[in-house]
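To start, the structure itself, in structure tokens.
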Amino acid sequence: MTRGERTTNPRLQTSDFVKRVFEGVKAILIDRVRHRLERASMTVSDLFTKYDRNKDGFLEYDEFSKAMLECKIDLQKNMRDYLMKECLDPQGASR
């Protein structure tokens, strides 16, 4: 067994555990944003309609930041970056 194949228990490799943790983090972040949007009487569709200026179906970082500020969604910068890169504009990371 190589170092990268360590297990956290006999059936779950460390890499699989890390993937599951990140999926959980993503779900928590999305839920926090959804909850805040509900409090601002907005849906995700409303969010894109209002903030996606070029109507490409993705929120660029500045659009997303403005939306978070106006909707009072307080995420730390690293969490905002992660949510942006992994959920809202995954193709943006390669642009």
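Structural remarks
- Looking only at the stretch 51-70, and only at residues there that are hydrophobic (A, V, I, L, M, F, W, C) and surrounded by fewer than 19 Cβ atoms within 10 Å (Cβ to Cβ), the one that is modelled with the lowest pLDDT: 58
- Filtered by the rule that a residue be within 19 Å of residue 77 (Cβ to Cβ) and either small (Gly, Ala, Ser) or at pLDDT below 85 (or both), the stretch 33-50 gives a lone residue, 33.
- Considering the stretch 18-47, and only residues there that are assigned to a loop (DSSP other than H, G, I, E, B) and of a type in the set (A, V, I, L, M), the residue that is surrounded by the fewest Cβ atoms within 10 Å (Cβ to Cβ) turns out to be 40.
- Enumeration of residues in the stretch 40-58 that are on the phi < 0 side of the Ramachandran plot and not polar (S, T, N, Q): 40, 42, 44, 46, 47, 48, 50, 51, 52, 53, 56, 58
- In the stretch 71-82, the residues that are free of Cβ contacts under 8 Å to residues at least 24 places away in the same chain and either closer than 20 Å to residue 39 by Cα or in contact with a Pro (Cβ under 9 Å, 6 or more places away or on another chain) (or both): 74, 76, 80
- Among the conditions (1) at pLDDT 85 or above; (2) out of contact with any Gly (no Cβ under 8 Å at 6 or more places or on another chain), residue 3 misses just one, which is (1).
- The stretch 48-67, residues that are farther than 13 Å from residue 84 by Cβ and in a helix (DSSP H, G or I): 48, 49, 50
The values are calculated or read from the model by the stated rules, or taken from the named source; none is laboratory data. This is a predicted model, so every value here is computed, not measured. For neighbour counting, all protein chains shown are included, and Cβ atoms are generated from backbone atoms with ideal geometry for every residue, glycine included.
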